[in-house]
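Let me begin by presenting the structure, written as structure tokens, before commenting on it.
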Amino acid sequence: MKYLVTALMMVVSTSFSVAATAPDMAALVTYETRVVTAEGVTKSTQFQETWLRTANRVWSERLVPKNAQAEANKGMQPSAKGHEGHNHDMNFALAAKSIERTANGEVKLNLVRMKMQQIIAMGTTDFREIGFDGSWDNAVYMIDRQQLKQMKKRSTPAPAGEVWLENRKNGMYTMVLWSEKLQLPKVIETGHENGGSWSRVTIEAKPMPKEMPWISTAGFRQRDYMDLLD
């Protein structure tokens, strides 16, 4: 799922255009996948994240259902006495992702472990470890807008201010429901035309929170991602 947007690299011609300004947004994002294995087993996954966009930050955080089953953290190696907090827990699925654009245009990525009150700074060479391509534009719009311009407009009815786009090539397809008002896709769907695999991202607009989640992280301990590899 983390490389889903790369499916949009297939090119088709269209006159579709997108605006340049992205408004502040809060959303609930649902990720779904389905695949039919060689053994004939159909496997499905689904998870959700909260998502926030402001002028200079994009924040996402996994939602964990109350009935989630506890699982031993096999990636954790307890720290030795005298090395407080120095562990090798490399599971970042539940860490919030904070992508920030600085005043000079630099893009920074931090992983935030809220319960541990820990911020892990990622170097640019490590961005792809968690599926980030380093593009601020792609983070803001959840998609490569340049590729949207090259997709074919579908005849499928869409609400006012929205449009369905598609791409089909070599038995694969990509469909996007783009909202001009939100400057976001409301649906991204990719898969095999034969139904063997399918992935879908659904974005649902929500009210902006009264307080941004990163405000509470001001006093968190900061770590470098490379330190976790020692």
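Read-outs: derived from the displayed coordinates by stated rules, not from any lab. This is a predicted model, so every value here is computed, not measured. Cβ coordinates were reconstructed from backbone atoms using ideal geometry, including for glycine residues, and neighbour counts include every protein chain displayed.
Quick look at the numbers
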{"quantity": "HN-Hα J in Hz across region 199-213 - Karplus 6.51, -1.76, 1.60, θ = phi - 60°, x for Gly and Pro", "calculated": "9, 9, 10, 10, 10, 10, 5, 10, x, 5, x, 5, 9, 5, x"}
{"quantity": "Given K43/K152; K43/K66; K43/K108; K43/K181; K186/K210, the pairs whose alpha carbons are separated by over 32 Å", "calculated": "K43/K108; K43/K181"}
{"quantity": "Linear extension gain, K43 paired with L228, 0.36 nm per residue minus alpha-carbon span", "calculated": "63.3 nm"}
{"quantity": "Whole-angstrom Cα spans of region 100-230 along principal axes, big to small", "calculated": "51, 36, 31"}
{"quantity": "Neighbourhood net charge (12 Å Cβ-Cβ; Lys/Arg +1, Asp/Glu -1) for E166", "calculated": "+3"}
{"quantity": "In Hz, Karplus ³J(HN,Hα) per residue of region 192-197 (6.51, -1.76, 1.60; θ = phi - 60°; x = Gly, Pro)", "calculated": "8, 5, 7, x, x, 8"}
